[in-house]
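Below: one structure, written as structure tokens.
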Amino acid sequence: MKLTFLGGVSKVGPLSMVMEYKNTTLIFDHGMLPADPPEYPMRPPLVDLAFLTHSHLDHCGMIPSLVRMCDVNVLATHPTLEVTELLLYDSLKIANIEGYPQYYDKSDIKRTKAAFDLMGFNSKRDIGGMEIEVHSAGHIPGSMMTELRGEETVVFTGDMNTGNSRLLWGAHPVKCDTLILEATYGGEEHKDREESEKEFLDDIDDVLAKGGQAIVPAFAVGRTQEVLMVLNDRDYDVWFDGMGRTVNQIYLNHQGFLRKGKALKKAVGNANPVHSNKSRKRAKEAEVVVTTSGMVEGGPVLEYIMNKRRDPNSAIFLTGYQVEGTNGDRLLNTGMVHDRGATVPVECCVKKYDFSAHGGHSELIDFAHGCEPEKIVLMHGDKRELVAEDLDEYDVRLPVEGETIEV
Ligand SMILES: [Zn+2]
Ligand SMILES: [Zn+2]
């Protein structure tokens, strides 16, 4: 079996992996990194079938261009299909506004939607002389790990999390000969999840006691829902705004992919959606606002921040990783924010919490041992070497972009 990564292997970039087995060529993910400017994977060869692990842009962002080029079917779960469609239209809109190159158009997104071939967890398929089974990856709703059983068994994890979150149960190891494992958090440990949640809620209590507002920027896909569920532990006046609203509804339509659909339904039901200028006005004076974008780059979040930026009693509580150069990163490090060409100071308290949807270093190591592989291919992390050091009893490979390895 030959593996070639077209992107996202030596760092958290646009992931794409080609697998050649006997006479079949498969591709796993074909993403786009939404940076400024965006990053794309290398051009793919003609492939027979695509697998899409989940609906984050660094995995799904270039699928329409792949479908246009190869006319392939895309195996994925139902929530992945619906959220991917939403993100593709949004990213086309952003590309238009920002003048980024466009590798597909609306008709390609329609074609992509029709090319999806849906699979549920633990269902099986025969493809290219292999039996395929998909398992939950515990990362975001619908995220899947793929197990391929041919002469040998191979597992491709995609992004994954072994820890339990409010939204999902953690992923379980799958026995295999070759494990292709993500390593986003190589060398980094997460804080205990319950402690992070308690700290977050206690800090909100303090802000409200001072009469301030808590503005919570959150990614639309997965994080908004997780945060709403955490907030539902206490009796706050919560409003939510931005694309997370649509994603909430998609996940509520697919509750079988959640750890506890009823808990999400309750959390969403106890919060107030912003659907008009009038309701946004009310949300601006609410106790807690959860809104996109998670890195304070687009979406309604800046409007909320500009509204409270001179209020030292209010706070901005970031809930995800902040890429260098984004407003979220700028806020954390300098207390300033870019808005319509100007850089302005923000007097609110700014803090970041760890609600990661990826396994930390120890979880990655434990997961790898649990799979009992012979060979391990590490991908999607810029500190893969640190994970490799702790797995030196296995045949560990660290391919780079464009390199073909035999496993
Ligand atoms: Zn992801
Ligand atoms: Zn990723």
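V83: within 16 Å of ligand 1 (Cβ to nearest atom), of a type in the set (A, V, I, L, M) and over 29 Å from H254 (Cβ atoms), yes or no? No, not satisfied.
Just checking, does segment 202-212 include any residue being at pLDDT 95 or above, in contact with a Ser or Thr (Cβ under 8 Å, 6 or more places away or on another chain), among the small types (G, A, S) and closer than 26 Å to M306 by Cα?
Looking for residues that are at pLDDT 95 or above, in contact with a Ser or Thr (Cβ under 8 Å, 6 or more places away or on another chain), among the small types (G, A, S) and closer than 26 Å to M306 by Cα, one finds at least one in segment 202-212, hence yes.
Would you list the strands (runs of 3 or more DSSP E) that sit entirely within segment 1-68 and hold 1 or more residues that are under 22 Å from E131 (Cα atoms) and within 16 Å of ligand 1 (Cβ to nearest atom)?
Qualifying strands (runs of 3 or more DSSP E): 16-21, 24-30, 49-51.
Scanning segment 342-368 for residues that are surrounded by fewer than 19 Cβ atoms within 10 Å (Cβ to Cβ) and within 16 Å of ligand 2 (Cβ to nearest atom) yields no hits at all. Is there a residue being within 16 Å of ligand 2 (Cβ to nearest atom), surrounded by 14 or more Cβ atoms within 10 Å (Cβ to Cβ) and assigned by TED's automatic domain parsing to the domain that holds V216 anywhere in segment 307-321? Yes. Give me the residue from segment 372-382 that is buried (at least 22 other Cβ atoms within 10 Å of the Cβ) and either without any contact (Cβ under 8 Å) to a residue 60 or more places away in the chain or more than 16 Å from ligand 2 (Cβ to nearest atom) (or both) and, out of that set, nearest to Y185 (Cα to Cα). Step by step, filter segment 372-382, then rank; the result is I376. For segment 145-186, filtered to residues that are under 11 Å from A357 (Cα atoms) and of a type in the set (V, I, T), the residue that is surrounded by the fewest Cβ atoms within 10 Å (Cβ to Cβ) is T162. Would you check if A76 is over 24 Å from V155 (Cα atoms), modelled with pLDDT of 95 or more, of a type in the set (A, V, I, L, M, F, W, C) and outside the structural domain of G222 (by TED's automatic domain parsing)? It is false that A76 is over 24 Å from V155 (Cα atoms), modelled with pLDDT of 95 or more, of a type in the set (A, V, I, L, M, F, W, C) and outside the structural domain of G222 (by TED's automatic domain parsing). Kindly indicate whether G142 is buried (at least 18 other Cβ atoms within 10 Å of the Cβ) and assigned by TED's automatic domain parsing to the domain that holds V377. Yes: the conditions hold for G142. If the condition is being outside any strand (DSSP E or B) and either in contact with a helix residue (DSSP H, G or I) (Cβ under 8 Å, 6 or more places away or on another chain) or under 8 Å from A183 (Cβ atoms) (or both), then segment 376-399 contributes H380, G381, K383, R384, L386, V387, D390, L391, Y394, L398.
The values are calculated or read from the model by the stated rules, or taken from the named source; none is laboratory data. No experiment lies behind these values; they were computed from the predicted model shown. Neighbour counts run over all protein chains shown; Cβ positions are idealised from the backbone, glycine included.
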